[in-house]
Amino acid sequence: MVEFTSEMSPSKKELPTINLATTKALPSKFILYPKDASIKYRPYSFGEIKSISQSKMTITEQLEKVLSGVECNFDKKRLTLSDLLYLGLLRKISTLGTTKFIINYVCGECRSQIRRTISSDDLEFKDLEIPDFPVIADLSIGEYHFNPLTVEDFYRLHELGKSQDTIAALAMQCSNKSFEEAYKAFYNCTNMNDAQLLNEVDKVLDHGLKPITVKCTNSADGKTCGCSHENVIALDGDGGKSELILTPFRESEGSSRNRIRFGNKGNS
């Protein structure tokens, strides 16, 4: 999905800057950005990895860490939240290569507690399949316009204490009404046709992580248990996106130890 070129950026102490070369290089496909939009990112530095690994950061602090390594020729906070999370994944992969994550879930069949290791290669974002914006919904109470949630929008939701409120997120994406007016209208909606339409708008705007399907494994050695139930796991609920994409950092061990030597006898 991603096509990029690499160039050196002296201002970042010679860390390589990676330029997203095509409009297909982000889940949003650049649809919301200026026609001449330029987006670049760089890997994390050793110092940034240590800082992130050793501190407990809020979701907004994590997003700021991602933004610090992203360059745009427009306001970076106009990036969609899903695009920024994708850029966070790209920054991590460009730094550490394929990385491992642990997810915990309960099997829907046997109710066993499952602990599963997945890699960054297993993570896939949905593409935004919309020809133009805004998305217009004709509700019984009037016409409502919607755009995808931006980083700036998410920060405002966080300030309001509603970053986990799906109705608030939908209201924040409404561009032709105030947040307060849209939130009140959606929250108090009793027309089921309107409710169904709002759910459809939410699906249309989604360009986040795709769910993954895994078989039940409740044994220590990872073998499939008797029920073999295939569980569909949503990775982007209740902070799941940030947990998988932004933290934690696990530094590669492997062959690194072989590159360490002790003493300098024989070299003088």
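The values are calculated or read from the model by the stated rules, or taken from the named source; none is laboratory data. Since we're looking at a predicted model, the values are computed, not measured. Every residue, glycine as well, gets a Cβ built from its backbone with ideal geometry; the counts of neighbours run over all protein chains shown.
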ask   = Of (1) over 21 Å from Lys210 (Cα atoms); (2) part of a loop (DSSP other than H, G, I, E, B), Gln164 satisfies all except one. Which?
value = (1)
message = Quick check on this structure: which one of Thr217, Thr213, Thr247, Thr190 is modelled with pLDDT of 55 or more, under 19 Å from Leu85 (Cβ atoms) and of a type in the set (Ser, Thr, Tyr)?
response = Thr247
